[in-house]
Structure formats: structure tokens, C-alpha cells
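Scroll down for the structure; my scribbles are underneath it.
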Amino acid sequence: MKIALLGAAAVLAFTPAAFAEVINYKADLKASSEVPANDSKGSGAVTATYDTATKKLTFTATYKDLTGPATAAHFHGPAKAGANAGVAIPVKDMTPSPLKGEATLTDEQAKQLADGLMYFNVHTAANKGGEIRGQVTK
């Protein structure tokens, strides 16, 4: 009996990835969700996955009909919808839509993400504070 338990313990010790989870997130980017809201015709979407084992967030953001070229994009937090927060995860490579990237999150950032306390927005020259925004949710 002891040998069987030790064997099972050894298997579990070497398979921590078996307990990992990949969680899907999304955000609908709209000008009306910015704080303060603006009258841009721009829109977009974010899809993301978070791997709990590696703590890696991988994302794709699309956008269209902005007032001009996107100058910056970020995940912000912690903030509920309707509130502003500082940059938590910057988009490193600004390209025309789609934007793609990844970041390794801290435990605090992972909790904010899981709790719905992060938003994503895209900035332009005409809307320096953000032109389109969406709360990131599961």
C-alpha cells in the first residue's frame, strides 16, 4: 500500500501542468465605453487566453474606423467599467490592426484579470486618453 501511494505521489509531483488551465477572455471595444466617452465611429475586439501554469497572457486586438492611426494600446487595471486606471500591460508592437502580443502576468495582475478589473483601449492622436475601450471578461 505504501509503495502504491508513493508511486502516485511521484506521478503527481511530476505533472503540475495537468492542473493548469487556459482561460479565454474577450472585450468589445467601443467609443461609448471610454471614460469620458467620445463620438468616434471606431470599434474593435480583443480575444485573449491566459495560461495559469505559465502565467502567460496571449492576445489579439482588432480595430477599425478610428479617427486616425492607432498610437498606443494597453491593458489597464485595476478598474471596473466606468472607472480609469493606469497602464498594466502595454502593447509593445503597435501595428495596423490586428495587434498581437503576450505578457507574463504577476499574481496581482492575474487576479485583476480573473476578477474583471482590467480593460483594454486603443489611443489615437485625436483621442490621446483612448478612443475605444472594452472591459476584459471571461
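Take the conditions (1) in a loop (DSSP other than H, G, I, E, B); (2) small (G, A, S); (3) farther than 19 Å from I23 by Cβ; (4) out of contact with any Gly (no Cβ under 8 Å at 6 or more places or on another chain); A85 misses just one of them, which is (4).
If the condition is being closer than 18 Å to K26 by Cα and either touching a helix residue (DSSP H, G or I) at 6+ places or on another chain (Cβ under 8 Å) or β-branched (V, I, T) (or both), then region 88-116 contributes A88, I89, V91, T104, L105.
When G7, G44 are checked against the criterion of being over 20 Å from A110 (Cα atoms) and either modelled with pLDDT under 95 or touching a helix residue (DSSP H, G or I) at 6+ places or on another chain (Cβ under 7 Å) (or both), G7 stands alone in meeting it. Checked against the criterion of being assigned to a helix (DSSP H, G or I), at pLDDT 95 or above and under 22 Å from S32 (Cα atoms), region 108-116 has at least one qualifying residue.
Has region 113-122 got at least one residue that is crowded, with 21+ Cβ neighbours inside 10 Å and either basic (K, R) or without any contact (Cβ under 8 Å) to a residue 60 or more places away in the chain (or both)? Looking for residues that are crowded, with 21+ Cβ neighbours inside 10 Å and either basic (K, R) or without any contact (Cβ under 8 Å) to a residue 60 or more places away in the chain (or both), one finds at least one in region 113-122, hence yes. For first residues located in region 84-95 and under 14 Å from F59 (Cβ atoms), partners that are in a loop (DSSP other than H, G, I, E, B) and modelled with pLDDT of 95 or more and lie 6+ apart or on another chain with Cβ distances below 6 Å form the pairs A88/G77.
The values are calculated or read from the model by the stated rules, or taken from the named source; none is laboratory data. Owing to the predicted nature of the structure, the values given are computational and were not obtained by experimental measurement. Every residue, glycine as well, gets a Cβ built from its backbone with ideal geometry; the counts of neighbours run over all protein chains shown.
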